[in-house]
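The structure appears below as structure tokens.
The values are calculated or read from the model by the stated rules, or taken from the named source; none is laboratory data. Every value quoted in this text rests on a predicted model; they were computed, and no experiment measured them. Note that we place each Cβ from the backbone using ideal geometry, even for glycine, and neighbour counts take in every protein chain shown. Ligands, DNA and RNA are stripped out before the accessible areas are found, and what is left, the full protein with its side chains, is counted by its heavy atoms. Shrake-Rupley method; radii C 1.70, N 1.55, O 1.52, S 1.80 Å.
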Amino acid sequence: MATVIFFGLAVLSFSLAARPAEKVAQTLTWQYRNREANEPSDAAILGHRIQLAIGGVGMTLAGVLSLLS
């Protein structure tokens, strides 16, 4: 069961990392009143994608390890 959860989270992380930049900006600016004035920079979006990719790799490794144990 844990294997399915880990692989599901990995797929979710990779799919979120592959989203267009406009969707990422909408996700990151929901908390501001004037969303257009508070758009994240390209570096912030890249950092967000890198974090999601690292999380996806970690969940994939956790799923593989749970299969082996």
Search result, residues across the stretch 28-52 that are of a type in the set (S, T, Y) and open to solvent by 60 Å² or more (accessible area, probe 1.4 Å): Y32, S41
Matching residues in the stretch 53-69 - criterion: being over 16 Å from L16 (Cα atoms) and loosely packed, with under 15 Cβ neighbours inside 10 Å: L61, V64, L65, L67, L68, S69
Single residue of the stretch 1-27 satisfying the filter (of a type in the set (S, T, N, Q) and under 29 Å from L67 (Cβ atoms)) that is surrounded by the fewest Cβ atoms within 10 Å (Cβ to Cβ): S15
Test: residue in the stretch 32-47 that is hydrophobic (A, V, I, L, M, F, W, C), at pLDDT below 95 and within 12 Å of the chain's Cα centre (by Cα): yes
